[in-house]
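Asker: Here it is: the structure, laid out below.
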Amino acid sequence: MSPSERRLHGMRKKEDRVAEKKSGGRKYGKKAQSKVKRAMHERKRGTLKSGRSGKKVTSRKQAIAIGLSEARRSGAKVPKKKSSSKKK
C-alpha cells in the first residue's frame with residue numbers, strides 16, 4: 001500500500017504521528033515571558049513575596065512558578081500545570 005493510499009484510509013506510520021506532535025508552535029506566550037521576567041527581577045531585588053504567608057522568595061524555581069501562575073491568571077498562553085501523582 002502506498003503512502004497516499006495509507007493516508008486516505010486513515011492509516012499512518014508511527015513516525016508520521018510523532019512528527020505531527022512535535023510541530024506545535026510556541027508553548028509559552030510573550031505575556032508569560034514578561035510576567036516571569038518581572039518575578040525574577042523582584043526576586044533579585046528581594047521584594048518578591050509568596051502568596052499567603054507573604055514570606056520573601058529566594059528560590060529561582062519558586063520565582064518562575066509565581067510568574068507563570070500570574071500569567072495563567074491574566075489569561076496568557078501557558079501550558080496547564082502538571083498534576084502531582086500520589087506516591088505510596
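The values are calculated or read from the model by the stated rules, or taken from the named source; none is laboratory data. Every value quoted in this text rests on a predicted model; they were computed, and no experiment measured them. We place every Cβ from the backbone using ideal geometry, glycine too, and count neighbours over all the protein chains shown.
Asker: So which of Gly75, Gly24, Gly54 ends up being at pLDDT 90 or above and either surrounded by 10 or more Cβ atoms within 10 Å (Cβ to Cβ) or under 16 Å from the mean Cα position of the chain (by Cα) (or both)?
Answerer: Sole residue among the options that is at pLDDT 90 or above and either surrounded by 10 or more Cβ atoms within 10 Å (Cβ to Cβ) or under 16 Å from the mean Cα position of the chain (by Cα) (or both): Gly75.
Asker: Sticking with this structure for a sec: Which number in (1) loosely packed, with under 10 Cβ neighbours inside 10 Å; (2) modelled with pLDDT of 90 or more marks the one condition that Ala32 misses?
Answerer: It fails just one condition, (1).
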